[in-house]
1. Answer with one residue from Y79, S2, S31: the one whose Cα lies farthest towards the positive end of the charge dipole of the chain, charges on Cβ with Lys, Arg +1 and Asp, Glu -1.
2. With every protein chain in place, what's the accessible area of R89 (1.4 Å probe, Å², nearest 10)?
3. Can you pull the accessible area of L67 for me, 1.4 Å probe, Å² to the nearest 10?
4. If you stretched the chain out fully between T37 and K88, how much longer would it get, using 0.36 nm times the residue separation minus the C-alpha to C-alpha distance?
5. With all protein chains present, calculate the accessible area of D71 using a 1.4 Å probe and round the result to the nearest 10 Å².
6. In deg cm²/dmol, rounded to 500, what helix-only [θ] at 222 nm does the chain give when every DSSP H run of at least 4 residues adds -39500 (n - 2.57) and the total is split over its residues?
7. How would K27, K88, K12 line up by accessible area, probe 1.4 Å, largest first?
8. Average the reciprocal distances over every distinct pair of alpha-carbons in the chain, invert the result, and give the Kirkwood radius in Å.
Amino acid sequence: GSDMVVRNVYFKVTQDAGVTGADVMVKLRDSSGYAFTDDYILYGLLNGVPFLKDWIVRATNTVFVDLSLVDYSGAGNVYVQVFLSGTKRRRA
């Protein structure tokens, strides 16, 4: 019901015991067509870093996180949780 001002993005990446190595690349965008990142980048470069400019996500929009698994070795699954940190904007 309210717009959100996103100031940080956090990623929690876990993996099964059989996975010996994996890197995850991410691409952030919303349903309005705005792409926060224009290409895939390693999740560690965005993880918890304060944004230089607030990303305003409208109440009617959806945030999409595209993932790409690279440098994968071993057997098992890799799990990614994404958390957006910021504040809600209320209309006066």
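The values are calculated or read from the model by the stated rules, or taken from the named source; none is laboratory data. Here the structure is a predicted model, which is why all the values come from computation and not from measurement. Cβ: placed from backbone, ideal geometry, glycine included. Neighbour counts: every protein chain shown. To get the accessible areas, we keep the full protein, side chains included, count just its heavy atoms, and leave off ligands, DNA and RNA. Shrake-Rupley method; radii C 1.70, N 1.55, O 1.52, S 1.80 Å.
1. S2
2. For R89, the solvent-accessible surface is approximately 100 Å².
3. 90 Å²
4. 16.2 nm
5. The accessible area comes out at roughly 120 Å².
6. -500 deg cm²/dmol
7. Reading off the accessible areas and sorting them downward yields K88, K12, K27.
8. 14.4 Å
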